[in-house]
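Worksheet: the structure to be examined is printed underneath.
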Amino acid sequence: VDAMSEGTADQLYLALRLAALELRRASHPQMPLVLDDVLVTSDDRRAGNILRALAQFAEGGQVMLFTHHRHMLDLARSVLGGGGFVEHHL
């Protein structure tokens, strides 16, 4: 892990968290997953893959992803389509 870039390490830790939460789902009540700017260190290709994984994870519960990077909304629209997520502006 020490040899990984910051973005790659962030993606690894997110994948491990999602895997742990997936294992927990069978025996615990559902809770929303709240993420704040987890895509900030990812390039658009990797961010798109992460958005797909989060959308798949959201099929079993709620995922809330906060960001102030407007281009992430365009990316989400392109990889998930208009019906793949709900957008809110604060």
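Checking a compactness column here: for the chain, what do you get for Rg(Cα) / (2.2 N^0.38 Å), N being the number of residues?
My calculation over the Cα atoms of the chain gives 1.10.
With an 8 Å cut-off on Cα pairs and a minimum separation of 6 or more residues, tell me the relative contact order of the chain in percent. Working shown, then result.
Numbers: 57 pairs, mean separation 26.8, N = 90.
Here the relative contact order equals 30 percent.
May I have the convex hull volume per residue, in Å³, for the Cα set of region 41-90?
In region 41-90, the Cα convex hull volume per residue is 79 Å³.
So, counting K/R as plus one and D/E as minus one, what does the shell of residues with Cβ under 15 Å around R77 add up to?
Local charge sum for R77: -1.
Only four residue types carry charge here, +1 at the Cβ of Lys and Arg and -1 at the Cβ of Asp and Glu. Report the dipole size of the chain about the Cα centre in Debye, rounded to the nearest 20.
300
Add -39500 (n - 2.57) for each DSSP H run of 4 or more in the chain, then divide by its residues: what number comes out at 222 nm, to the nearest 500 deg cm²/dmol?
Here the helix-only value at 222 nm equals -16500 deg cm²/dmol.
Quick note: the coordinates plus some simple rules give every number you see, no bench work behind them. Since the structure is predicted, the reported quantities are computational estimates derived from the model, not experimental observations. Note that we place each Cβ from the backbone using ideal geometry, even for glycine, and neighbour counts take in every protein chain shown.
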